[in-house]
Structures are given as C-alpha cells and as structure tokens.
Amino acid sequence: MPLPGHSAERIRRFYTKADIAPAESGFAVSLDGRAPRSPRGQSLVLPTEALARLVAEEWAAQVEDILPATMPATRLAWTALATGEAGGRESAVARIGAFAGSDLICYFADYPASLVKHQEARWGPVIDWAEATFGVGFARAKGIVHRPQPPETIARLEAVAAEESDFALAGLVAAAALFGSVLLAFALARGELTADAAFALSRLDETFQEERWGVDAEAAARADSMAIEAVMLGRWFGAL
C-alpha cells in the first residue's frame, strides 16, 4: 500500500481508522488493519509504542484529503527509515557536522548592546552545557563572518551522533535544520531544553526585531508552522 508522505500531493483519505499494531521490530501504523508502505516498500514501523501513536495521530487527524504538509512526524518517520539504508547514516552524521561548523548560537551580534546582552544570557548557558556534556570547546563569533569550529569539536559531535539510533539521528538532523543549531538539537534530545524553549532560543534575533519594528504577518505564520514542528520534535525525542 504505497502512500503519500514524501511529497505535497493530495490523496483522498481512503481508510476509516488509524491505529497501531505490534510488529516484529516495534509498532506499526495501521490503517484499517494494513500498514502504510513507502515507495521503496518499507512498512511504517516505529521502534516504540509512543512514537507509533504520535505518527498514527497524524493519520487519524486527516479529513477528506491526506495532506503530508500537516504530518511532520510521518515525514520524519519515513526519513528515519531511509536513514537505515545504505549510506543514510553517514549522510546524516555529516549533516550534523555541517551544522556544528556554523551553529547559530555561536554567532553573537555586534550590536545593539541590548541584543548582545540578551544573547549572552540565553545562549551562553547552552554553549556551557554542551562544552561540559561533550568535553569540547566552541568558538564564539561576533557578527556574521564565518569562524571555523575546532576540528576536534566537530569530530566529537559527529561521533556522538553516530552512536544514536536511526530514529534519534533523524530527529537530531531535523531539529538542527529547524533551529539552525545542533547544540539546541542535542539539548532538546537530551531533555536539557523543552521544545518551546529551544525554539524561542533559535529565534532570539527575530523576536528582538519584532519587538522593535512589529510583526510581519507572513513571517508570523511561518514561525507558527515552525513552532508546531518544534513541539512535534519534543514529543518525538520523548517517545524514543
């Protein structure tokens, strides 16, 4: 039963009940007793019951059409399954290294002083936590000019990511992409930050500008969508 989840294509809802069922390697999403499959033939099986329920909730919430854009956990589940294929883990680990090399929260503003002070107060503790947790140092830059991170720092984060399961690794990549920060992604995954807190930290600059100049409706809508995905990621890591 190949299903959407990899594209924005609309497909009419063709099932009555979305539930979960025990499977050989975990828990499968069940649509009227049948497991969805990817175009490559993979069944939508999750490693824990809680994670399977998170994904099944999205299928149950669909109305007349199946809208993949409203199913971030399902999309991430397909990605996690693909991560386990040949070359998938290596690619995901490399992305973690790339995000670590230009982490958002390692780039502090030059001015105004009020923003710099706010960044130092909010981002500084996360960097301190990461340095203590992973045993490496992070270069802190001023302005937008790229400042390379120590090679041993990037190598360490890649090694930590490589130890994660396919589903945790896929979640880390998704969170790092959403936040622009692998440090915020690790902090969320390890319970150091809530999803709301991690998302707020990723938007310190935007929030500062909005407080000064007002909120743009289009940008606000985009931020709301990203916030929903952040909450899903928090539930994702909590369900693993």
State which residue is modelled with the lowest pLDDT when the search covers only segment 76-93 and only residues that are surrounded by fewer than 19 Cβ atoms within 10 Å (Cβ to Cβ) and either in contact with a helix residue (DSSP H, G or I) (Cβ under 9 Å, 6 or more places away or on another chain) or closer than 21 Å to ALA200 by Cβ (or both). GLY84
ILE144 among the aliphatic types (A, V, I, L, M) and either open to solvent by 30 Å² or more (accessible area, probe 1.4 Å) or without any contact (Cβ under 8 Å) to a residue 24 or more places away in the chain (or both): yes
Being in a loop (DSSP other than H, G, I, E, B) and open to solvent by 50 Å² or more (accessible area, probe 1.4 Å), is that true of even one residue in segment 94-106? yes
Could you list, in sequence order, all residues of segment 94-131 that are closer than 13 Å to LEU204 by Cβ, in contact (Cβ under 8 Å) with a residue 24 or more places away in the chain and of a type in the set (Val, Ile, Thr)? ILE105, VAL126
When the residues of segment 107-137 are filtered to those that are surrounded by 14 or more Cβ atoms within 10 Å (Cβ to Cβ) and among the acidic types (Asp, Glu), which remaining residue is nearest to the chain's Cα centre (by Cα)? GLU131
Being of a type in the set (Val, Ile, Thr) and part of a helix (DSSP H, G or I) is the filter here, so list the residues in segment 35-90 that pass it. VAL55, THR70, THR74, THR79, THR83
Can you name the number of the only condition in (1) over 24 Å from SER165 (Cα atoms); (2) touching a Phe, Trp or Tyr at 6+ places or on another chain (Cβ under 8 Å); (3) not acidic (Asp, Glu) that THR74 fails? (1)
Is it true that some residue in segment 138-152 is closer than 19 Å to SER202 by Cβ and under 21 Å from the mean Cα position of the chain (by Cα)? no
From the set of residues in segment 193-208 that are open to solvent by 80 Å² or more (accessible area, probe 1.4 Å) and either of a type in the set (Ser, Thr, Tyr) or over 14 Å from the mean Cα position of the chain (by Cα) (or both), which is modelled with the highest pLDDT? THR194
Of all residues making up segment 49-76, the number that are in contact with a Leu (Cβ under 6 Å, 6 or more places away or on another chain) and either charged (D, E, K, R) or touching a residue at least 60 places away in the same chain (Cβ under 8 Å) (or both): 1
Which residues, counting only those in segment 147-182, are in contact with a strand residue (DSSP E or B) (Cβ under 8 Å, 6 or more places away or on another chain) and surrounded by 19 or more Cβ atoms within 10 Å (Cβ to Cβ)? PHE167
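The values are calculated or read from the model by the stated rules, or taken from the named source; none is laboratory data. Remember, predicted model here, so these are calculated numbers, not experimental data. Every residue, glycine as well, gets a Cβ built from its backbone with ideal geometry; the counts of neighbours run over all protein chains shown. Each accessible area value is taken on the protein alone, full model and side chains, heavy atoms only, with ligands, DNA and RNA left out. Shrake-Rupley method; radii C 1.70, N 1.55, O 1.52, S 1.80 Å.
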